[in-house]
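In what follows, a structure is listed as structure tokens, so that the remarks can point back to it.
Computed from the coordinates by the stated procedures, all read-outs in this text should not be read as laboratory data. Not measured: the values here are computed from a predicted model. Glycine gets a Cβ as well: all are built from the backbone with ideal geometry, and neighbour counts include every protein chain shown.
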Amino acid sequence: MIRFFRATNFRCLESAELTLSADFNLIYGANASGKTSLLEAIAYLGRGKSFRGASTADLINHGKDEFLLFGEVQSHARVCNVGARNSRNGLEVRVDGDSEGGAAALADALPLQVIDPDVHNLVSGGPELRRRFLDWVAFHVEHEHLLAWRKFRRALKQRNAALKARATPATIRSWNVEFEVLAEALDGSRRRVLEVTRESLTRFGQKLLGTELRFEYQRGWNKEKSLGEALEEGLPRDQQLGATQHGPHRADLKISYDERQARKLVSRGQQKLLASAMVLAATETAQTALERPLLLLLDDPAAELDAGSLARLMTAVSELGCQVVATSLEPSALTPPPGAALFHVEQGKLTVIEAPDNTPA
Ligand SMILES: Nc1ncnc2c1ncn2[C@@H]1O[C@H](COP(=O)(O)OP(=O)(O)O)[C@@H](O)[C@H]1O
Ligand SMILES: [Mg+2]
């Protein structure tokens, strides 16, 4: 939960600060006024990267050398100061004065999820976003996950480097043992996490789409075989391509909807609802594990949704009990609950319309 936020020289926001409501915050303004930039800045403080995939050079206010972000984040009874600075020298992170932790420290301090107009990619896009979806939950639910994931990435890199360098089969096999152990660990935590999340996924699917969603984890190698066997059989092809074709880096989450494959859903609006159900389920699961309300950023939730769908989404969001920062063109497009904070943004400048009345002391 973020109580106070300040962005300096981030995109069009030269200096923007706001005291947030613990419940609902609405930022409204015309096109290109800076609404998404503000959410992107808040998200950057919890991820160390842009949810729009922008580079540092794109994010720094034109003509400036760096941007600065600062937040007071509350977790249980503790308030922690979180800062991020990015410039040509790279990302610098500070969590309560400690600059060692990097982006993972930001994610620990300010866990958040985003629903933006691109959220449908979680359903219609490639498997990487779905792997990241599972890994995000795993990161918050299982403490060892990040370390296992990092070690696996390293083992994969080393095996691929050996393949590219045309190392002998014996050398490549010597990398397999560690690769397999780490792959199984990653695979196991993703499976457990999907089981923990499944009930929420089903419930939010019912709420938002009125139908049963099914999720099946595909681990990234042949179901009938051990990873060792798959690697052995795949060795000639791996050598040909210079990259490992089997393992959890090729995993996917198969989603089906009314017996159909969700990727083939034609309506963008339905894809958005389905993806939103997934994001809400992930948020709920992490929130339960961490025993604290998380932050949910909703960028233009009204986009692509009819009035009924938008109302179902906003009801599901409010039942989640997380902290929300939402944007819209007009303040009336969403119906903020009583006590919500309301901000207007115009050419990168924020004005408080309605200050939060429930910020904890
Ligand atoms: N690095 C930057 N420096 C200054 N302005 C920028 C930068 N990057 C983007 N902008 C401008 O910021 C404005 C606000 O963009 P955005 O936050 O996406 O608007 P909104 O979501 O309100 O429609 C746009 O006019 C864009 O051109
Ligand atoms: Mg926008």
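Here are the numbers:
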item	result
Computed FRET value (nearest 0.05) for residue 239 with residue 129, which takes r as the C-beta separation and R₀ as 41 Å	0.90
The range 1-121: relative contact order as a whole-number percent, Cα under 8 Å and 6+ apart	26
Relative contact order computed over the chain (Cα-Cα under 8 Å; 6+ residues apart), in percent	27
Expected 222 nm ellipticity per residue - DSSP helices of 4 or more, -39500 (n - 2.57), all of the chain, to 500	-14500 deg cm²/dmol
Neighbourhood charge, 10 Å Cβ-Cβ cut-off, centred on residue 226 and excluding it, Lys, Arg +1 and Asp, Glu -1	-4
Lysine pairs in the chain with Cα atoms under 22 Å, if 8 or more residues apart or on separate chains	16
Protection proxy ranking, peptides 137-149, 54-66, average beta carbon neighbours within 10 Å, highest first	137-149, 54-66
Percent RCO, i.e. relative contact order, over the range 212-287, from Cα pairs under 8 Å lying at least 6 residues apart	36
Rg in Å to one decimal, and Dmax rounded to a whole Å, for the range 13-87 via C-alpha atoms	13.2, 40
The range 226-329 - Debye-derived log10 I(q)/I(0), Cα point model, q = 0.14, 0.22, 0.23 Å⁻¹	-0.74, -1.15, -1.21
Projected area, mean over directions - the range 213-287, Cα convex hull, nm²	7.1
Computed Kirkwood radius, in angstrom, where 1/r is averaged over Cα pairs of the range 100-236	17.3
Debye log10 I(q)/I(0) at q = 0.10, 0.24, 0.25 Å⁻¹ for the range 72-173, Cα point scatterers	-0.46, -1.22, -1.24
Space enclosed by the convex hull of the alpha-carbon atoms of the range 166-219, per residue, Å³	84
Bins of 10 Å, starting at 0 and running to the largest distance - Cα pair percent for the chain	5, 23, 30, 25, 13, 4, 0
The range 278-361 - convex hull of alpha carbons, volume per residue in Å³	121
Listed residues 355, 91, 114: farthest to the positive end of the dipole of the chain (Cβ charges)	91
Shape metrics for the range 24-133, restricted to C-alpha atoms - Rg then Dmax, Å	14.9, 41
